[in-house]
Structures are given as C-alpha cells and as structure tokens.
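I have placed the structure first, in the form of structure tokens, so that the comments after it can refer back to it.
The values are calculated or read from the model by the stated rules, or taken from the named source; none is laboratory data. All values derive from a computational prediction rather than experimental measurement. With ideal geometry, Cβ positions are generated from the backbone for all residues, glycine too; neighbour counts draw on all protein chains shown.
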Amino acid sequence: MGKLTDKVAIITGAGGGMGKADALLFAKEGAKVVITDIQLDKVEEVVDEIKEAGGEALGFHHDVSSEEEWKKIVAEAIQAYGKIDILVNNAGISNAVPMLEQTVEIWDKVMSINLTGVFLGQKHVIPHMIENGGGAIVNISSIAGLTGGSGSGAYTASKGAVRLLTKATAVDFAQHHIRCNSIHPGYIETPMTADLMANDQMREWFLSQVPLPRLGKTEDIAKGVLFLASDESSYITGVELPIDGGYYAK
Ligand SMILES: NC(=O)c1ccc[n+]([C@@H]2O[C@H](COP(=O)([O-])OP(=O)(O)OC[C@H]3O[C@@H](n4cnc5c(N)ncnc54)[C@H](O)[C@@H]3O)[C@@H](O)[C@H]2O)c1
C-alpha cells in the first residue's frame with residue numbers, strides 16, 4: 001500500500017520542475033493526481049507518464065491567479081474523484097529585478113501568481129476539505145521567503161507572505177483537521193533555474209552558498225512534499241521546512 005493510497009491531490013504548476021516530480025511521486029504512492037499548469041502540453045505529458053506507469057491522473061490548463069479558473073479546477077476534481085485530500089500550491093514565477101527598476105505591473109504579476117494564487121487555492125479547496133473531515137495543504141515558498149535575498153524584492157516579499165499565510169491557515173483550520181505547512185527550497189535544478197545554472201560561474205557561486213556539496217534536485221523537494229502531505233506528518237502543522245542543503249542553517 002502506498003503512502004497516499006485513496007488520496008486525491010491537486011498540484012499546481014506541475015507541467016515541469018518540482019511540481020512534476022511531486023505528481024510522479026504522489027501517483028507512485030497511490031494518489032489520484034489532478035495536475036494543473038498554464039502549459040497544457042506539458043501537463044498532458046505528465047498525465048501520460050503517470051498513466052503509462054499504471055497511475056491515475058487528470059490534467060488541466062489552469063492559471064492560478066484566476067479565481068474563475070480555480071472554481072473550474074476544483075469542480076473538475078470533485079466531479080471526477082468526489083473529494084480533495086491534498087493541495088500542493090507549487091506554481092510560481094521567479095523575478096530578479098532591482099527594486100528601483102521594478103514596475104507596478106511586474107510587481108502585481110509576481111504577487112498574483114506567487115501569493116494570490118496560493119490564497120485562491122486555499123479559499124476554494126478548504127470548504128471541500130472541511131466537508132471531507134480534513135486535509136493537507138503544502139505551500140511551496142522558498143529560502144527567499146526566510147531571508148532577504150538581494151535583487152529580487154517582489155519574489156522575496158511574495159514568498160515571505162506565503163510563509164505566514166501558511167501559518168495563519170494552519171491556526172484557522174486546525175479544528176477541521178486541516179494541516180498547512182510550507183516548504184522552502186534552496187537552489188534546485190529545474191527549468192526555472194536552468195539558464196542561471198548553465199552558466200559555470202553562476203553554478204559555482206550557487207554551490208559556494210550551500211553546505212552540502214551539491215545543488216538540489218526536484219526529487220529532494222518531492223520527498224518533503226510527500227511527507228507533509230501524507231499521514232506520516234499527521235501532528236505537524238504550521239511549520240516551515242527548508243530543503244536547501246543547509247543554506248538556511250548558516
Ligand atoms: N528552482 C528553485 O531553485 C526554486 C527555489 C525556491 C523556490 N522555488 C519555487 O518552487 C516552485 C516550483 O518552481 P520550479 O523551480 O519547479 O519552477 P518551474 O518554472 O520549473 O515550474 C513552475 C511551473 O509553474 C507554471 N506556472 C507559471 N505561472 C503559472 C500560473 N500563473 N498558473 C499556473 N502555473 C503556472 C509554469 O508553467 C511551470 O511549469 C515555485 O513556486 C518556485 O518559486 C524554486
């Protein structure tokens with residue numbers, strides 16, 4: 001029996017990177033996975049991969065910053081599987097623009113995806129979790145949500161807000177047996193960081209920041225997401241889990 005047998009999970013931004021690794025691991029552990037992303041072709045590839053391995057998955061185009069689209073995704077999940085046990089708010093965009101050069105338009109875009117997207121997911125999924133007697137929410141923040149990095153104020157502010165939204169949610173919905181925790185990835189090799197890490201000098205700099213002598217893999221994050229989503233963490237809520245090779249310990 002898998003760690004998520006009979007559970008239904010929505011994972012956002014799961015067309016690639018960490019969200020895809022989460023989806024593959026969740027399906028392997030027996031979950032029925034609802035995979036969403038703005039890149040529908042990538043979503044369909046992940047769904048096919050899961051089905052070929054004997055798992056259960058559905059995929060949808062979904063912009064997490066749209067409340068209408070959240071309503072649609074939640075309705076599709078309920079119609080297909082009758083409940084939602086797990087929500088992984090993973091979709092996010094990076095943004096490295098010095099503050100004095102930042103525009104309100106880009107600031108708002110970062111917030112609408114990285115922060116409002118998490119709020120909307122919680123708002124529309126939690127009522128179903130309450131009805132179902134409980135659930136687990138895992139919000140993907142960042143080490144940038146724990147410390148003030150340089151040159152990415154909007155991203156840092158959005159991820160810091162996700163950290164505390166997670167704790168507020170944990171406190172507000174604990175009585176309904178809903179747990180809510182955040183994960184704070186360090187430097188992880190994904191499509192988001194591919195260009196930076198392809199640059200030898202940048203790669204060396206990233207490595208120099210991390211105590212463990214390697215950069216992170218998507219599977220490193222997926223294992224933590226699985227733990228916080230599964231019943232193995234049934235008495236853990238409101239915590240922040242850095243998965244960062246020791247970066248935040250310094
Ligand atoms: N890669 C890292 O080093 C790192 C470090 C810390 C935190 N994170 C966070 O981890 C999460 C996953 O990042 P990743 O590195 O796998 O990135 P990624 O770019 O590889 O994957 C993110 C996915 O989100 C999707 N997406 C973008 N905008 C969306 C929207 N409006 N609605 C729905 N989906 C959307 C993209 O299409 C993409 O498939 C993000 O929240 C990111 O901020 C990443």
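Every listed requirement among (1) within 29 Å of GLY151 (Cβ to Cβ); (2) at pLDDT 95 or above is met by VAL97 save one, (2). The criterion of at least 3 residues that are within 24 Å of LYS223 (Cα to Cα) and either away from the ligand (no atom under 14 Å from the Cβ) or free of Cβ contacts under 8 Å to residues at least 60 places away in the same chain (or both) is met by the following helices (runs of 4 or more DSSP H) wholly inside the range 1-119: 17-28, 40-52.
Is it the case that TYR247 is among the hydroxyl-bearing types (Ser, Thr, Tyr) and in contact with a Phe, Trp or Tyr (Cβ under 8 Å, 6 or more places away or on another chain)? In short, yes. For the structure I just gave you, tell me whether SER158 is within 13 Å of the ligand (Cβ to nearest atom), among the polar types (S, T, N, Q), under 17 Å from ILE113 (Cα atoms) and over 13 Å from the mean Cα position of the chain (by Cα). Against the criterion (within 13 Å of the ligand (Cβ to nearest atom), among the polar types (S, T, N, Q), under 17 Å from ILE113 (Cα atoms) and over 13 Å from the mean Cα position of the chain (by Cα)), SER158 qualifies.
This table checks each residue for (1) loosely packed, with under 14 Cβ neighbours inside 10 Å; (2) modelled with pLDDT of 95 or more; (3) basic (Lys, Arg).
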{"site": "ALA154", "(1), (2), (3)": "no, yes, no"}
{"site": "SER158", "(1), (2), (3)": "no, yes, no"}
{"site": "ARG163", "(1), (2), (3)": "no, yes, yes"}
{"site": "THR169", "(1), (2), (3)": "no, yes, no"}
{"site": "ASP172", "(1), (2), (3)": "yes, yes, no"}
{"site": "GLN175", "(1), (2), (3)": "yes, yes, no"}
{"site": "ASN181", "(1), (2), (3)": "no, yes, no"}
{"site": "THR190", "(1), (2), (3)": "no, yes, no"}
{"site": "SER208", "(1), (2), (3)": "yes, yes, no"}
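On the stretch given as the range 129-166, residues that are part of a helix (DSSP H, G or I) and either polar (S, T, N, Q) or in contact with a Pro (Cβ under 7 Å, 6 or more places away or on another chain) (or both) total 5.
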